[in-house]
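What follows draws every value from the coordinates through simple rules; no lab data is involved. This structure is a prediction, so every number in the text was calculated from the model and none was measured. All Cβ positions, glycine included, derive from the backbone under ideal geometry; neighbour counts span all protein chains shown.
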Amino acid sequence: MLEVHRINKRFSSGGIFKKNYITAVDDVSFSINRGETLGLVGESGCGKTTVGKLVLRLIEPTSGKIIFDGVDVTKLRKKELRKLRPRMQMIFQDPDSSLDPRMKIGDSIAEPFRLRGGLSRRVVGERVSDLVETVGLSPEHVNRYPYQMSGGQNQRVVLARALAANPDFVVADEPTSGLDVSVQAQLLNLMNGVKSDLALTIMFITHDLEVVRYMSDRVAVMYGGKILEVGDTEYLFDHAEHPYTRELLAQQSAEDYYVPEDDVNNGDGGCVFCSRCPFAEEVCKNKEPVMVNIGRDHQVLCHRV
Ligand SMILES: Nc1ncnc2c1ncn2[C@@H]1O[C@H](COP(=O)(O)OP(=O)(O)OP(=O)(O)O)[C@@H](O)[C@H]1O
Ligand SMILES: [Mg+2]
């Protein structure tokens, strides 16, 4: 469904006299099979959201290639991209910023149908009612405004609106992280149900390993703009090879693990993780590792494997 080949994203960061660059995503490759959920996990600032936006081409990669359902998205012109857009949806962490506060819930959900056009008011109304039911809201919610709803309810609205576009690929960026644990669980269950009913392919971004385990078939672990390890979720939880993945698993949450940027080795040549790695050797400081296959669907970026 999705193949990402060696994407890079550099942001320029101010500087009047001298331009500085932040490499947010550095030579990242991965793929997602149709109907699969890939979890993307890693601590704050490691580049998860940037990868999500890149694969949907909400931002332009500095280099690299993204193939979506056989089409090279990076080469598409605006008009062709616009046609593809509904098939690829992104759900952000904060529902308040993705919903128009002046729009009634029902109108927000109806918007993708209106944009597509060709449907009568009655049909749009029926579709909206169906979606309201699918995401577990009540019919009376359609006449409310976002401020009259809870955070969890609004995130259901965001999900309903994403589904209204009839996507086959969804990037969910920490969609439940602002919510109470019990509400989170309901929403994650809902997403899993919707996913199998609608045969969606999902990239699920989170720093929470418990969530990633519950949601994903495969998981990619990110650090300092790079993917350090990829594999089948259940297998990886028992057989992690990368020292960083092991560290994360010992912590249960990447959020507890925020590291100031200067700890990330973006320097010349070495491994991004070497300044934090308890096992770093001379080679780790001097030479960049390459991704190696160490089993069926298990890849690691480390000199030691
Ligand atoms: N528009 C931008 N301009 C400049 N730098 C940016 C921009 N967007 C992201 N960055 C930088 O790129 C890096 C990766 O950011 P990103 O938002 O992808 O991280 P993240 O893994 O999603 O973090 P979080 O878990 O906090 O959401 C960070 O250093 C960030 O400051
Ligand atoms: Mg993010």
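Observations
- Under 5 Å, built H, 5+ apart or other chain: amide partners of Gln89: Phe169, Val170, Val171
- The range 94-111 - phi-based ³J(HN,Hα) in whole Hz, Karplus 6.51/-1.76/1.60, Gly and Pro as x: 9, x, 4, 7, 9, 10, 6, x, 8, 9, 5, 3, x, 5, 4, 5, 6, 3
- Rounded D (µm²/s) - the range 189-231, Kirkwood Rh over Cα pairs, Stokes-Einstein at 20 °C, 1.002 mPa s: 186
- Close amide H partners of Val25, meaning residues 5 or more places away or on another chain with modelled amide H under 5 Å apart, are Lys9.
- Taking every Cα-Cα distance in the range 1-159 and sorting them into 5 Å bins starting at zero, the pair-distance distribution P(r) comes out as 2, 7, 14, 15, 15, 14, 14, 10, 5, 2, 1, 0 percent.
- Annotation note: GluC sites (Glu not before Pro) in the range 105-200 located in DSSP loop regions with a Cβ neighbour count of at most 14 within 10 Å are absent.
- Relative contact order of the chain, pairs being alpha-carbon contacts under 8 Å that are 6 or more residues apart, as %: 21
- Convex hull volume of the Cα atoms of the range 95-167, normalised per residue: 81 Å³.
- Normalising by residue count, the range 132-216 has a Cα convex hull of 92 Å³ per residue.
- Helix-only [θ]222 nm of the chain, DSSP H runs n ≥ 4, -39500 (n - 2.57) each, per residue, nearest 500: -10000 deg cm²/dmol
- Phi angles across the range 152-160 convert, under the Karplus curve 6.51 cos²θ - 1.76 cosθ + 1.60 with θ = phi - 60°, into 3J(HN,Hα) values of x, 5, 5, 5, 5, 4, 4, 5, 4 Hz, Gly and Pro given as x.
- When Rg and the Kirkwood Rh are both derived from Cα coordinates, the Rg/Rh ratio for the chain amounts to 0.99.
- For the range 16-102, diffusion coefficient by Stokes-Einstein and Kirkwood Rh (Cα), 37 °C, 0.692 mPa s, µm²/s: 215
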